[in-house]
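These notes concern the structure reproduced below.
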Amino acid sequence: MSSVFSGLKEAIKKYFSSTSPYEQSVDEFIKDLQRALIRSDVNVKLVLELSNRIKKRALEEKPPQGISRRDWFVKIVYEELVAVLGGEEEPEVIPKKKPYVIMLIGVQGSGKTTTAAKLAWYYKTRRMKVGVIAADTYRAGAYAQLKQLSEKVGALFYGEEGETDPAKISKNGVRELAKLGADVIIIDTAGRHGYGSEADLIDEMKKIAEAVKPDEVVMVLDASVGQKAAEIAKRFHEATPIGSIVISKMDGTAKGGGALSAVAMTGAKIKFIGTGEGIDEIEPFRPKSFVSRILGFGDIEGLIERMKALEIEEGDLEKQAEEMLVKGVNMRLIYKQIRQIRKMGPLSKVLKMVPGLSMTLPEDSELEKVGEEKFDRWLAIINSMTYEELEKPELIEREKNRLRRIAIGSGTSTDDVRELLAYYQSTKRMLKQLKRKRSLLKKLEKGEGELF
Ligand SMILES: Nc1nc2c(ncn2[C@@H]2O[C@H](COP(=O)(O)OP(=O)(O)OP(=O)(O)O)[C@@H](O)[C@H]2O)c(=O)[nH]1
Ligand SMILES: [Mg+2]
């Protein structure tokens, strides 16, 4: 699927390594995004609306404390792309009744027979008994093609060689496969080319549908039709109401993005996408994970969840920052901050989820693990301090037995305790500098000071 929205991953990388000011990086990214979308045959009007929305949000939204605008922007891009590709909803792929009859329709060569085998494989690997019916009585070799595929998958097969009425075959097939205990029954129908003979096709589709009353009519659409997919889906839908759509051949074309967005815009449900010729190359279409993948992030959802969690605590963080500036740092504040970082999960995961960092971090960096263990030790050390020590950590440095007591109480070493104290001191120094800068700035604002 590498070709769908190709260029987006690179655009994100470029965005993160950009040294331009935020607004300019955003503009550059949006240009790259537009290029990638248009190359994927996404409707131009849709592309413009999308980029306007992204830009507006990028300039107006204020990220929660602790998250940079640069990282927040990626969340915006992610959310808007997900919206364009069908939103938050995940497809329901597990059949609700037994047997569940699926009828596949679509133009010639769109991938119906292959999809029949793929769906059979999908449900079979989910421990269901699956049967397929060869109801394509037009194309020579259609019967043999499906029979062979069903054997490969290990699915039940029903066909009547020589019979010319697909409605009759389908009806018999559903009955026979149901008798054999099939949980899912998939009917492969014939496709016809172009517009001339389409009346035939539609008539036949209707007859099969009337004969078997399928639980779901699934339309198979070739991704390479791009944004025309919407029009084709609409035409079919008018003849036989379509329950859901499979977009096949996502691997073979750059236009898949256009097909996905166009279909999503009509409100039709895209349930699966086909990503190769192999029978196992099918997956439920989940806009959220799809977008994460095309942007090149493993777990952007996890990151966003945590960003949301931080959003709630934003007030608290602001209060903390003020408190630090006014009262100075103390161990309680350090404790709170470490807890906050640790709450986000293992440090290695947190770091990997930060978009800008994930690209530069080596796999399983030792550094992360060390940091994580250290934070946990520090939390234990702070837990072993008395109220007095929490307020005045200097006492610990002065009195050796306090140092030893804390190390033993927290199961750490005196070196660990010293390290935390050093961290505390450096934070304190940093804060002092910050305070000086702030008062200097205030003076400058009032015109009382000079910079050099
Ligand atoms: N690369 C790739 N090829 C696919 C995919 N799905 C189907 N194909 C290929 O597309 C061609 C047509 O697939 P079929 O499944 O025979 O299509 P059909 O809709 O049954 O065709 P008719 O029965 O003639 O209407 C075959 O060569 C398949 O291997 C896919 O997801 N990726
Ligand atoms: Mg076929």
Under 14 Å from the 7 Å Cα→Cβ point of M265, by amide nitrogen: which residues of the stretch 215-254?
226-234
Under the definition of Cα pairs under 8 Å and six or more residues apart, what whole-number percent is the relative contact order of the stretch 8-84?
27
Simple spin-label estimate for L59/I38, 7 Å along Cα→Cβ, in nm, reads 2.1
At R339 and S17, where each label point lies 7 Å from the Cα along Cα→Cβ, what is the point-to-point distance in nanometres?
4.1
With +1 on the Cβ of every Lys and Arg and -1 on the Cβ of every Asp and Glu, the dipole magnitude of the stretch 100-285 about its Cα centre, in debye rounded to the nearest 20, is 400
Can you find, among M250, I208, G162, the residue sitting farthest towards the positive end of the charge dipole of the stretch 160-255, where Lys and Arg contribute +1 and Asp and Glu -1 at Cβ?
M250
XL table K206/K249; K96/K271; K228/K249; Cα-Cα > 18 Å flagged, in table order, is K206/K249
Please list the three semi-axes, largest first and in whole Å, of the ellipsoid equivalent to the stretch 11-57, using sqrt of 5 times the eigenvalues of its alpha carbon gyration tensor.
20, 13, 6
Using a 1.4 angstrom probe with every protein chain in place, what is the largest-first accessible-area order of T114, T189?
T114, T189
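Using only the alpha carbon atoms of the stretch 100-285, find the Kirkwood hydrodynamic radius as the inverse mean reciprocal pair distance, in angstroms to one decimal.
16.1
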Provide the packing ranking of 407-413, 290-296, i.e. peptides ordered by the mean count of other C-beta atoms within 10 Å per residue, highest first.
290-296, 407-413
For 390-397, 74-81, ranked highest to lowest by mean beta-carbon neighbours within 10 Å, the order is 74-81, 390-397
So if each residue of separation counts as 0.36 nm, and I subtract the Cα-Cα distance between D415 and K400, what length gain in nm does that give?
4.2 nm
Starting from the Cα of E161, step 7 Å toward the Cβ, then list every residue of the stretch 126-147 with an amide N under 19 Å from that point.
132-147
Listed peptides 212-225, 26-39, 245-258, 51-64 by packing density, highest first (mean Cβ within 10 Å)
245-258, 212-225, 26-39, 51-64
When the chain is fully extended, how far beyond the present Cα-Cα distance does Y423 get from K168, taking 0.36 nm per residue of separation?
83.8 nm
If you roll a 1.4 angstrom probe over the protein chains with everything in place, what fraction of the accessible area of the stretch 20-87 belongs to carbon and sulfur, to the nearest %?
53
Accessible area expressed per residue, the stretch 8-84, with surrounding protein chains retained (probe 1.4 Å, Å²):
49
Within the set K152/K213; K255/K288; K207/K234; K124/K152, which residue pairs have Cα atoms separated by over 21 Å?
K152/K213
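The values are calculated or read from the model by the stated rules, or taken from the named source; none is laboratory data. Every value quoted in this text rests on a predicted model; they were computed, and no experiment measured them. Cβ: placed from backbone, ideal geometry, glycine included. Neighbour counts: every protein chain shown. Surface accessibility is based on the protein's heavy atoms, side chains included, excluding ligands, DNA and RNA. Shrake-Rupley method; radii C 1.70, N 1.55, O 1.52, S 1.80 Å.
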